[in-house]
Amino acid sequence: MAAGPDEDRWWRGGVFYQIYPRSFADSNGDGYGDLPGIISRLDYLADLGVAALWLSPVTVSPNRDWGYDVADYCDIDPDFGSLEDLDRLVSEGARRDVRILLDLVPNHTSDQHPWFVDARRGRDAAHRNWYVWADPAPDGGPPNNWISVFGGSAWEFDEPSGQYFLHNFELQQPDLNWWNGDVRDAFDAIVRFWWDRGVAGFRIDVCNMMIKDARLRDNPPATEDDPLDQQLMGVRSVYNSDRPEAHDILRRWRAISDRYDPPRLLIGETNVEQLATLMQFYGNGHDELHGGFNFVFINAALDATSMRAIVEEVEATLPDGAWPLWTGSNHDVSRLATRWAGGEGAKVRCALMILLCLRGTPFLYQGDEIGLTDGPIDQADLRDAVGIRFWPYYKGRDPQRTPMPWSHAPGGGFSPAGVRPWLPLTDAARRNVADQVEDPDSVLSFTRRAIARRSGNEDLALGSYSSLDSPEDTWVFQRGRGTVVALNMSDAARETSGLRGSITLATDREREGHQVDGVVTMAPWSGLVVET
Ligand code: NOJ
């Protein structure tokens, strides 16, 4: 299948890297990562070979949900620096061929955003209709049975005005009313504000939830066939999520993006259960998202049969001209080194080889490149409101948000020595960037070689995908005309046949440069890229 127009090459062939800014690099010793910290690590990121960074929110926030509750969409939170710092990040990134994407949070604002502060003044307030308000049910209770993703009713009663407002997440994150044209116009201005400054695109927060049923109908009861989270909520979220009208909003932003040179990227947080639903966010392949995160893949086991089936379905159903994304970690899910690999280096390398060799743009999450595992979090360390609420049944998202270990120095090179970071470091003495840079057999060195190989080989960067026959628990696929990727995803050695050419990338570095011709014995949890 065609790789797309030239203007798409940089991102389709590139590798993206998600930064959780609060945990990346602390330049001023306050325990929080910041924009100057990211700038100070740009050389590292450029050497790693990434094409773009996606930054979780750096806009002004009271941090009920650590940035995902925005109080000003057009300014930088002082914890992270200033607009000038952001401009400098964009220009310093450009000098190194690394572009910057920001996070857009359109489903809700902070309750401290001036729009909501005004909306709360009363039923006649200018911004009242910018949010979703409804009268109580006849019994005085919430208007319907919608449940917040973070637990409890999605409705909060506003005593003075006698109405409820909707919050699909925290109570302090009131949902915007996307039926209102003024909200749409305001966001048109917001996306232009950043794109005019040279920001290369957005990752769009919960873009499948943005708009709700206009009649606020009750959700139907969940059944045994529904995903576990819906079963736990007791309802199937069909009226407060995945509404067809969300696509109108995406088409509107895509039309704006297409007027830029180069077009700005729209990457969606499409946290949907079905691949068929994910495909809808690509529209006709050219008029909605450039890419949607594949949570079916993220949530899959590191298992050849299930992963191959997901990839094959994506390949078969993606609209013509569209392009997949692949990722294994982010700030909301356990890191791949823990969740997929159980901390085992061989499995981490296999997972990275999969992400970096499939057809589609890989998104690494900070630390994936060194095999960083989830951090140890005690109850006293908790920062995530969701973890605080559900501890000990659910420990929240802090384990995957612990700071980046840059070195084995005190403070892990994240904050200056003696400063306590906002979340505890994961064992930096054992796994850190500085040590791995020096070690040719480290996970980091493997990741660098894999990214470099991908950039140097048109098949891997942009070529087609096809599955090849292979023994149980192995996954062998061809990319483009002459590149084959073979993975043994089992605890036993396996033989694969039909591999011919030279090994240009291997999870075991010793094998690189060797020729193979036919049957190849593969060690447990190992992978090879063979080029003819
Ligand atoms: C998805 C974000 O990734 C998550 O961190 C946040 O809590 C929710 N959306 C609400 O914005």
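The values are calculated or read from the model by the stated rules, or taken from the named source; none is laboratory data. Keep in mind that what you see is a predicted model, and the values were worked out from it rather than measured. Cβ placement follows ideal geometry from the backbone for every residue including glycine, while neighbour counts extend to all protein chains displayed. Just the protein is used for accessible areas: all its heavy atoms, side chains included, with ligands, DNA and RNA removed. Shrake-Rupley method; radii C 1.70, N 1.55, O 1.52, S 1.80 Å.
The rows are residues; the columns are (1) touching a Phe, Trp or Tyr at 6+ places or on another chain (Cβ under 7 Å); (2) farther than 30 Å from GLY371 by Cβ; (3) within 16 Å of the ligand (Cβ to nearest atom).
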| residue | (1), (2), (3) |
| --- | --- |
| ARG252 | no, yes, no |
| ARG264 | yes, yes, no |
| GLU288 | yes, yes, no |
| PHE293 | no, no, yes |
| GLU312 | no, no, no |
| THR327 | yes, no, yes |
| VAL333 | no, no, yes |
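Taking into account only those residues within region 339-372 that are free of Cβ contacts under 8 Å to residues at least 60 places away in the same chain and open to solvent by 10 Å² or more (accessible area, probe 1.4 Å), which is nearest to ASP435 (Cα to Cα)? The selected residue is GLY343.
With the requirement that a residue be part of a helix (DSSP H, G or I) and in contact with a strand residue (DSSP E or B) (Cβ under 6 Å, 6 or more places away or on another chain), what does region 13-37 give you? Correct list: PRO21 only. Taking the criterion of being part of a loop (DSSP other than H, G, I, E, B), modelled with pLDDT of 95 or more and within 16 Å of the ligand (Cβ to nearest atom), the residues of region 378-397 that qualify are LEU382, ARG383, ASP384, GLY396, ARG397. Evaluated against (1) closer than 29 Å to ILE19 by Cα; (2) at pLDDT below 95; (3) over 23 Å from the mean Cα position of the chain (by Cα), ALA186 falls short on exactly one condition, (2).
Residue pairs whose Cβ atoms lie under 7 Å apart, separated by 6 or more positions or on different chains, with the first residue in region 178-190 and over 15 Å from HIS247 (Cα atoms) and the second among the hydroxyl-bearing types (Ser, Thr, Tyr), are ILE190/TYR73.
Hey, could you check region 249-271 for residues that are over 23 Å from LYS212 (Cα atoms) and of a type in the set (Lys, Arg) and say which is nearest to the chain's Cα centre (by Cα)? For region 249-271, the residue satisfying everything is ARG264.
Report yes if some residue within region 356-379 is among the aliphatic types (A, V, I, L, M) and closer than 14 Å to ARG397 by Cα; otherwise report no.
Initially, region 356-379 is screened for residues among the aliphatic types (A, V, I, L, M), giving 356, 358, 364, 370, 372, 377.
Adding the requirement that they be closer than 14 Å to ARG397 by Cα leaves 377.
Scanning region 356-379, I find at least one residue that is among the aliphatic types (A, V, I, L, M) and closer than 14 Å to ARG397 by Cα, so the answer is yes.
Just one of (1) within 29 Å of ARG12 (Cβ to Cβ); (2) part of a helix (DSSP H, G or I) fails for GLN230. It is (1).
Condition check: open to solvent by 60 Å² or more (accessible area, probe 1.4 Å) and among the polar types (S, T, N, Q). Does THR532 satisfy that?
The answer is yes for THR532.
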